[in-house]
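K.L.:
Below are the structure tokens for one structure; questions will follow.
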Amino acid sequence: MIEELGEHLGLSVEALSLADSKNQRKHYGVGLGQRSDADTLYAELHDRNDNHILSLKFNTAPRAFDERTFSPTIVAAMSFSILAWGLILLVMRHSIVKPIQQLTATMRRVRQTSNYGERFEYRHRDELGKLVDECNELLNHVGGHTQQLENYSYKDSLTGIGNRRLFQERLDYQWRLSQRKHTPLSAIVFDLDYFKQYNDLYGHEGGDTVLKVFASLLQEVFTRDTDVVARTGGEEFIVLLLDADYHCAELMAERTLNALRQRHIPHAGAAHRGQVSASAGVSSLTPDESNSQEQLIRQADKALYRAKQLGRDNVAVYESSSLQLINHTHKPQP
């Protein structure tokens with residue numbers, strides 16, 4: 001602001017301390033508003049209570065003007081102008097610049113964190129307030145669409161449980177976690193028995209209902225926050241159990257099949273039971289450099305295939321490179 005004042009007057013202006021101003025004026029033997037032999041002129045700004053605010057030194061060209069140029073009236077006018085501009089800049093900073101900086105910081109955090117729940121509070125109903133409202137509305141809009149996209153990306157559209165993409169991401173994370181903590185990780189692959197025949201007899205709408213029932217049943221059985229339940233295609237489902245060995249996985253798989261039997265869903269095409277049933281394959285590994293995620297799933301698939309070979313409606317466990325059939329035979333529930 002002082003530089004702008006000097007440019008406006010065509011002079012060089014410096015701000016001095018009160019002590020420096022007094023010492024220089026004493027040295028040159030001049031008072032306020034009087035030009036010295038060194039072509040300098042001194043002025044002071046005071047508030048309403050006559051408290052000193054600022055001392056100014058004007059470096060002038062020789063004979064550029066006489067002492068009347070900086071009469072007390074001119075100095076007072078200049079002082080008032082500087083003070084007024086200072087107040088205007090302070091008000092602008094508080095009412096415009098600072099809110100814009102806060103809004104910018106909020107939008108930057110949203111961009112960096114993808115947290116569309118961020119909101120900026122601004123209570124004034126001016127033009128800036130309208131801009132803030134539009135930004136908040138945009139965050140609502142983008143947040144809603146982002147949530148929908150996440151649902152489409154990670155949830156099975158029919159059953160509402162996780163899909164293959166969700167399962168793979170959780171498997172990547174839990175595999176690394178189990179490897180770091182040296183804890184077992186188990187997978188259970190489920191397949192609804194004679195599901196094609198069920199669709200042929202009861203229609204795809206009936207088949208969709210059975211898929212939804214089984215998905216809901218899985219959510220009732222596997223309730224830990226770390227349990228991952230997903231539909232990976234057709235009538236096939238998979239569950240990932242963190243920090244659970246094959247004994248635990250086997251027990252949970254059998255609990256699931258029992259819960260399905262207790263639903264008594266008729267299935268005329270299931271020769272072995274006359275009702276909807278499922279088979280399950282269990283695999284468990286403690287992740288290290290000698291095994292892999294693919295091995296865990298491949299072993300569970302092999303166990304599932306074995307369970308179907310040996311009569312369906314049962315659980316087979318892949319243990320130590322061998323297949324063991326668990327609870328092969330079951331009597332139909334009355």
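The values are calculated or read from the model by the stated rules, or taken from the named source; none is laboratory data. Note that the coordinates shown come from a computational prediction; the quantities given were computed from them, not determined experimentally. Virtual Cβ from ideal backbone geometry, glycine too; neighbours counted across all protein chains shown. Keep in mind that these areas ignore ligands, DNA and RNA; they rest on the heavy atoms of the full protein, side chains included. Shrake-Rupley method; radii C 1.70, N 1.55, O 1.52, S 1.80 Å.
K.L.:
Just need a number here: residues in segment 106-163 that are in contact with a Gly (Cβ under 8 Å, 6 or more places away or on another chain) and either open to solvent by 90 Å² or more (accessible area, probe 1.4 Å) or modelled with pLDDT under 70 (or both).
P.N.:
Within segment 106-163, residues that are in contact with a Gly (Cβ under 8 Å, 6 or more places away or on another chain) and either open to solvent by 90 Å² or more (accessible area, probe 1.4 Å) or modelled with pLDDT under 70 (or both) number 5.
K.L.:
Kindly evaluate Ala230 against the criterion of being surrounded by 15 or more Cβ atoms within 10 Å (Cβ to Cβ), of a type in the set (Gly, Ala, Ser) and closer than 12 Å to Ile161 by Cβ.
P.N.:
yes
K.L.:
Let me ask you something else. Determine whether Asp301 is touching a Gly at 6+ places or on another chain (Cβ under 7 Å) and either outside any loop (DSSP other than H, G, I, E, B) or at pLDDT below 95 (or both).
P.N.:
So Asp301 passes the test.
K.L.:
Scan segment 193-223 for residues that are within 21 Å of Tyr173 (Cα to Cα) and in contact (Cβ under 8 Å) with a residue 12 or more places away in the chain and jot them down.
P.N.:
Of the residues in segment 193-223, the ones within 21 Å of Tyr173 (Cα to Cα) are 219, 222-223.
Within segment 193-223, Gln219, Phe222 qualify.
K.L.:
Could I ask something else about it? In segment 1-31, which residue that is at pLDDT below 80, assigned to a loop (DSSP other than H, G, I, E, B) and aliphatic (A, V, I, L, M) is farthest from Ser55 (Cα to Cα)?
P.N.:
Once the filter is applied, the top-ranked residue is Leu11.
K.L.:
For segment 233-251, how many residues are open to solvent by 20 Å² or more (accessible area, probe 1.4 Å) and on the phi < 0 side of the Ramachandran plot?
P.N.:
Final tally of qualifying residues: 9.
K.L.:
Moving on. State all residues of segment 155-198 that are part of a helix (DSSP H, G or I), aromatic (Phe, Trp, Tyr) and touching an Asp or Glu at 6+ places or on another chain (Cβ under 8 Å); if no residue qualifies, say none.
P.N.:
Phe195
K.L.:
Which one of the conditions (1) in contact with a Phe, Trp or Tyr (Cβ under 9 Å, 6 or more places away or on another chain); (2) under 21 Å from Val317 (Cα atoms) does Glu254 fail to meet, given that it meets all the rest?
P.N.:
(1)
K.L.:
Continuing with the same structure: Among the candidates Arg273, Arg312, which residue alone is more than 40 Å from the chain's Cα centre (by Cα), closer than 19 Å to Leu218 by Cα and open to solvent by 50 Å² or more (accessible area, probe 1.4 Å)?
P.N.:
Arg312 is the lone residue from the list that is more than 40 Å from the chain's Cα centre (by Cα), closer than 19 Å to Leu218 by Cα and open to solvent by 50 Å² or more (accessible area, probe 1.4 Å).
K.L.:
Which ones in segment 304-319 are part of a helix (DSSP H, G or I) and not hydroxyl-bearing (Ser, Thr, Tyr)?
P.N.:
Selection gives Leu304, Arg306, Ala307, Lys308, Gln309.
K.L.:
To continue, here is another question. For segment 20-34, name all the residues that are open to solvent by less than 60 Å² (accessible area, probe 1.4 Å) and of a type outside the set (Ser, Thr, Tyr). Talk me through it step by step, then tell me what you get.
P.N.:
Here is the first cut: in segment 20-34, the residues open to solvent by less than 60 Å² (accessible area, probe 1.4 Å) are 21, 24-25, 30-31, 33.
Answer for segment 20-34, where residues must be open to solvent by less than 60 Å² (accessible area, probe 1.4 Å) and of a type outside the set (Ser, Thr, Tyr): Gln24, Arg25, Val30, Gly31, Gly33.
K.L.:
Shifting gears a bit: Taking only segment 179-197 into account, find how many residues are closer than 22 Å to Asn163 by Cβ and crowded, with 16+ Cβ neighbours inside 10 Å.
P.N.:
Here the count works out to 9.
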